[in-house]
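Asker: One structure, pasted below without further comment.
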Ligand code: BES
Ligand code: ZN
């Protein structure tokens with residue numbers, strides 16, 4: 001009884017304190033509305049140093065302690081800056097770090113300096129050289145001869161370079177002054193302020209639309225820009241600029257298609273920043289400026305769906321944002337659905353259904369893996385990540401089960417009515433952060449409108465709250481791959497020689513299908529022929545390489561292990577790295593190989609990717625010892 005009572009009080013305290021289990025922010029008391037950064041990059045010490053001015057609104061007039069999120073920050077001073085400009089020093093306390101959440105920073109307001117309805121809090125600080133958001137790259141890790149720095153905020157890393165309320169439930173505007181070495185250029189997820197008189201190495205930015213903290217982003221390097229149309233363009237290192245501009249020439253068309261489908265583009269410009277190879281993601285939807293992995297430059301524009309995806313986040317994710325990481329599917333499921341629709345508009349139904357078919361097979365596999373790994377509940381759309389690293393929620397479920405939930409709704413509504421529903425969804429929730437329950441309530445409301453289709457709450461809840469795929473899962477056509485599957489069967493049976501495969505007409509997605517369908521007992525002779533005839537695993541299309549190396553691991557084809565190692569040393573991209581280490585960790589010998597490769601590759605990986613790999617290679621190990 002007593003334990004029960006205690007438990008109940010603890011649960012109450014927790015829920016009263018924070019709606020977002022991954023933040024110390026107490027948003028019933030104070031809300032940070034604006035962030036003004038003034039930071040200097042120190043490439044030698046691998047630190048950012050300077051001040052942040054937080055514009056804080058007092059929500060509860062009785063509130064006298066402001067709690068913020070930080071991780072590994074060195075805080076020098078905290079001041080209350082009065083309207084007159086006079087500042088008063090405030091006492092603060094930095095708590096012992098929690099391995100997942102970081103350190104709670106508590107700021108007290110004594111009677112001399114009471115909190116006011118709106119106030120400016122100035123914090124002078126510097127980041128740790130190990131800041132989890134920041135990756136500092138040596139010139140050797142870039143496409144040029146200068147060092148490089150970038151930040152990756154999602155999910156809860158912004159707190160490692162800015163002390164703030166690091167929860168997606170809070171939206172804020174920001175501005176920044178960034179000082180860099182004179183030969184480098186800074187870019188941010190914000191509008192550049194052009195200042196003719198500015199010194200080399202000094203850059204100013206403003207983001208006037210309110211965004212969640214994880215979308216504040218910075219990159220510094222030897223960067224050049226090329227326009228692609230009046231409101232789009234590409235930034236990258238000089239040696240990659242021409243290739244990038246060629247690969248992403250469709251950008252203006254993509255943005256037009258996005259507006260047609262989802263409504264007006266509300267961020268003014270849309271540019272891409274093509275990153276060095278170590279970049280942790282295929283793409284990251286930083287507003288106005290998506291950060292993109294160079295592995296998307298295939299030469300033939302075959303991997304541009306990554307761009308379409310990040311651009312689609314301009315609506316799903318950036319305009320309407322998941323309010324906690326348990327609701328991550330609202331960002332990624334909607335985006336994957338929009339991506340699918342846009343690929344169809346831009347590149348045709350055939351390519352779109354190929355990408356669907358490939359992604360569906362991966363989804364089925366992921367759901368099986370989650371169940372086998374003792375986490376079947378992670379295959380519900382709504383997650384329960386309290387006490388866990390929110391990046392653990394990053395699986396195909398949010399993306400592809402989310403995509404198919406919307407596919408199911410589309411089927412019931414009919415395409416035209418569903419398109420109107422989508423527009424309405426973005427308009428009704430623009431610049432808001434919402435959770436799954438809010439979405440559910442809104443959907444049920446829409447279903448009461450005259451002419452709306454019959455969809456029951458139970459059908460919806462099976463998608464949102466139950467593991468696995470529900471009975472209303474639409475059928476995913478695999479027929480588009482019938483010719484490839486036939487060729488694969490003929491080849492395995494020896495009816496078609498390796499060099500007679502009809503690959504001349506294959507697009508990369510067909511190669512991926514061909515390789516994904518090969519069984520674990522495929523013989524070494526066939527693997528050797530494939531490898532030498534088509535130069536698999538040498539450089540080339542990243543998605544084909546990924547499927548090839550998955551096959552190499554599945555079949556334990558040792559002659560290609562050196563290629564696999566080179567590939568994993570050459571990229572830092574989560575999807576590539578995670579997929580291959582997951583495949584390696586399925587067997588004893590694979591895991592041993594994985595450990596050997598990881599020991600060499602680790603220094604080149606972003607910290608969040610290290611955490612993800614270590615969860616696979618050392619499943620029992622706690623997050624705090626896994627660094
Ligand atoms: N927002 C994600 C990247 C992300 C997810 C960062 C979770 C941190 C935590 C981005 O939009 C994304 O999904 N990128 C994918 C590519 C996409 C085409 C599926 C990637 O990086 O592979
Ligand atoms: Zn995404």
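The values are calculated or read from the model by the stated rules, or taken from the named source; none is laboratory data. Predicted model, so just to flag it, every value in this text is computed and none were measured. Ideal geometry is used to build each Cβ from the backbone, glycine not excepted, and the neighbour counts take in all protein chains shown.
Asker: Going residue by residue through segment 315-330, is there one that turns out to be near ligand 1 (Cβ under 9 Å from one of its atoms) and over 30 Å from residue 170 (Cβ atoms)?
Answerer: Scanning segment 315-330, I find no residue that is near ligand 1 (Cβ under 9 Å from one of its atoms) and over 30 Å from residue 170 (Cβ atoms), so the answer is no.
Asker: State which residue is nearest to ligand 2 (Cβ to nearest atom) when the search covers only segment 105-140 and only residues that are more than 26 Å from residue 66 (Cα to Cα) and in contact with a strand residue (DSSP E or B) (Cβ under 7 Å, 6 or more places away or on another chain).
Answerer: Per the criteria, the residue is 135.
Asker: Continuing with this model, one more query. So which strands (runs of 3 or more DSSP E) stay within segment 11-114 end to end and still have 2 or more residues that are within 30 Å of residue 137 (Cβ to Cβ)?
Answerer: 30-42, 47-58, 65-70, 74-81, 103-108
Asker: Scan 403, 412 and give me the residue that is at pLDDT 95 or above and either within 16 Å of ligand 1 (Cβ to nearest atom) or in contact with a helix residue (DSSP H, G or I) (Cβ under 6 Å, 6 or more places away or on another chain) (or both).
Answerer: The conditions single out 403.
Asker: I need a count of the residues in segment 599-625 that are surrounded by 14 or more Cβ atoms within 10 Å (Cβ to Cβ), outside any helix (DSSP H, G or I) and in contact (Cβ under 8 Å) with a residue 24 or more places away in the chain.
Answerer: Counting residues in segment 599-625 that are surrounded by 14 or more Cβ atoms within 10 Å (Cβ to Cβ), outside any helix (DSSP H, G or I) and in contact (Cβ under 8 Å) with a residue 24 or more places away in the chain gives 2.
Asker: Given the options 566, 586, 596, 573, name the one that is at pLDDT 95 or above, closer than 28 Å to residue 617 by Cα and buried (at least 21 other Cβ atoms within 10 Å of the Cβ).
Answerer: 573
Asker: Taking residue 268 as meeting all but one of (1) within 11 Å of ligand 1 (Cβ to nearest atom); (2) surrounded by fewer than 21 Cβ atoms within 10 Å (Cβ to Cβ), write down the number of the exception.
Answerer: (1)
Asker: Residue under question is residue 295, and the condition is that it be closer than 21 Å to residue 231 by Cβ and either surrounded by 23 or more Cβ atoms within 10 Å (Cβ to Cβ) or within 9 Å of ligand 1 (Cβ to nearest atom) (or both); does it hold?
Answerer: no
Asker: Within segment 144-167, identify whether any single residue is surrounded by fewer than 21 Cβ atoms within 10 Å (Cβ to Cβ), over 13 Å from residue 212 (Cβ atoms) and in contact with a strand residue (DSSP E or B) (Cβ under 7 Å, 6 or more places away or on another chain), and answer yes or no.
Answerer: yes
Asker: Considering only segment 267-290, I want to know if a residue exists there that is in a helix (DSSP H, G or I), under 18 Å from residue 221 (Cβ atoms), within 16 Å of ligand 2 (Cβ to nearest atom) and modelled with pLDDT of 95 or more.
Answerer: no
Asker: Now for a separate question. Return a yes/no flag: does segment 371-390 have any residue that is under 26 Å from residue 304 (Cα atoms) and more than 16 Å from ligand 2 (Cβ to nearest atom).
Answerer: Within segment 371-390, not a single residue is under 26 Å from residue 304 (Cα atoms) and more than 16 Å from ligand 2 (Cβ to nearest atom).
Asker: Let me ask something else about it. Which residue out of 244, 278, 217 is away from ligand 1 (no atom under 16 Å from the Cβ) and surrounded by 21 or more Cβ atoms within 10 Å (Cβ to Cβ)?
Answerer: That would be 244, the only listed residue that is away from ligand 1 (no atom under 16 Å from the Cβ) and surrounded by 21 or more Cβ atoms within 10 Å (Cβ to Cβ).
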